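All remarks here apply to the structure that follows.
Read the figures in this text as sums done on the coordinates, not as results from a lab. Bear in mind the structure is a predicted one, so any value in this text is a computation, not a measurement. Here the Cβ positions follow ideal geometry from the backbone for every residue, glycine too, while neighbour counts run over all protein chains shown.
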Ligand code: F6R
């Protein structure tokens, strides 16, 4: 049941440290500093000769795919395309037998994602599933894959499945890079070590919930909001905006922060809240100038920052600190406050958090 929480969504947000540990169990061997994935042991040759990965997914799972692309390209040096399953299946996409098509799906029943997978199969590509529900249609249609093992997700808004998907993609990209010799031993081992710290760090983000709730209150009457991030935090911005739309019914858009000046900046005035995901990574300085641009137009700035941040704090109306981590693992922490913001806004507005209007948990229609 809800384990003492008011809603499944909140329970599932709080479940994330444990879910991540479950997801990594037997796969992330901290003492030996290595990753073991049975799919790589069983399909080494086929995966090694992959010339390209095509990720097909919808919604939140598609956002996880955007993070997966960056991870696989960075560590395994294999090109990755990320496609909306609903678009991919109705075009004439170029699929070759050397491609590996990865379907990402919590439910394993999303009709468009399943159909995209079937198209891949007809074209003799390898079908690789990243799924939560064991034995689901997409799991059964897979040649191989990795379960995320986060347990049943009941809230319609996906939370723990997202962090589980990102965790699996991280393990897969690291293991693949290691096999291919495209990641340095140092980076492989230090990332493994830091992955082991993430569940505890998520706990420390959850401990800030009261603070996050107060900040969320300031969004209750907003009609619009923008979410901005760069690099690994760009898909997190998209995901934060989706969460706010679907359960709080506030129109929100996510953008890579530098795109702002190509149009969305025209929207900014004193009524526009802008949520920046501005943790301390390679693009930090760049995002600060994006934040200043919003400030100069009187936009209201809420920012997710790294503990100890000073520069953003000086400019923003409110900041939420998350522990420091590697850039590649940042989404696993920065997504959490955005989930909580959407949750608290929806509760404050008296909305049905676990079953928002017009939405179904698994979209089995086209
Ligand atoms: C958002 C959400 C949806 C799903 C999408 C794909 O919170 O839940 O956007 O992510 O419908 O569903 P799955 O992952 O089951 O294929």
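Annotation for segment 136-199 versus segment 304-362: alpha-carbon center distance of 21 Å. Result for the chain in a Gaussian network model with C-alpha springs under 10 Å: among 105, 324, 334, the largest mean-square fluctuation is at 324.
Cβ-Cβ distance of residue 193 and residue 285, R₀ of 35 Å, FRET efficiency by 1/(1 + (r/R0)^6): the value works out to about 0.85.
Helical runs (DSSP H, four residues minimum) scored at -39500 (n - 2.57) apiece and divided by the length of the chain put the mean residue ellipticity at 222 nm at -14000 deg cm²/dmol.
Angle of helix 111-122 to the longest C-alpha principal axis of the chain, folded into 0 to 90 degrees and rounded to 10: 30°. Over segment 1-118, Cα pairs under 8 Å with separation of 6+ residues give a relative contact order of 24 percent. Apply the a/c threshold of 1.5 to the C-alpha gyration tensor of the chain and tell me whether it is rounded, prolate or oblate. Verdict is prolate for the chain. Stretched out straight at 0.36 nm per residue, the stretch from residue 182 to residue 48 would grow longer than its current Cα-Cα span by 47.1 nm.
Build a GNM of the chain with springs between Cα atoms under 10 Å apart, and of 173, 327, 120 the one that fluctuates most is 327.
Report relative contact order for segment 268-366 in percent, whole number only (criteria: Cα-Cα under 8 Å, sequence separation at least 6).
This gives 22 percent for segment 268-366.
How far, in degrees from 0 to 90, does helix 330-348 lean away from the longest principal axis of the Cα atoms of the chain, to the nearest 10? It is inclined by approximately 50 degrees. Would you please classify the overall shape of segment 135-174 from the alpha carbon gyration tensor, given that a ≥ b ≥ c denote the square roots of the eigenvalues, rounded means a/c under 1.5, and beyond that prolate means a/b larger than b/c while oblate covers the rest? Taking the square roots of the gyration eigenvalues as a ≥ b ≥ c, segment 135-174 is oblate. Can you tell me, using C-alpha contacts under 8 Å and at least 6 residues apart, the relative contact order of the chain as a whole percent? That works out to 19 percent. Pick from 354, 99, 214: which is most flexible by mean-square fluctuation in a GNM of the chain where alpha carbon atoms under 10 Å apart are linked? Looking only at 354, 99, 214, the largest GNM fluctuation is found for 214.
What's the center-to-center distance, using Cα atoms, between segment 206-239 and segment 81-111 in Å? One Cα centre to the other: 30 Å. Helix 185-206 and the long axis of the chain differ in direction by around 40°, with both axes built from C-alpha atoms. Under 1.5 on a/c is rounded, so check that first for segment 50-173, then, if it is not, pick prolate when a/b is larger than b/c and oblate when it is not; a ≥ b ≥ c are the square roots of the alpha carbon gyration tensor eigenvalues. In terms of gyration-tensor shape, oblate.
Taking 0.36 nm per residue of separation and subtracting the Cα-Cα distance, full extension of the segment from residue 98 to residue 214 would add 36.7 nm.
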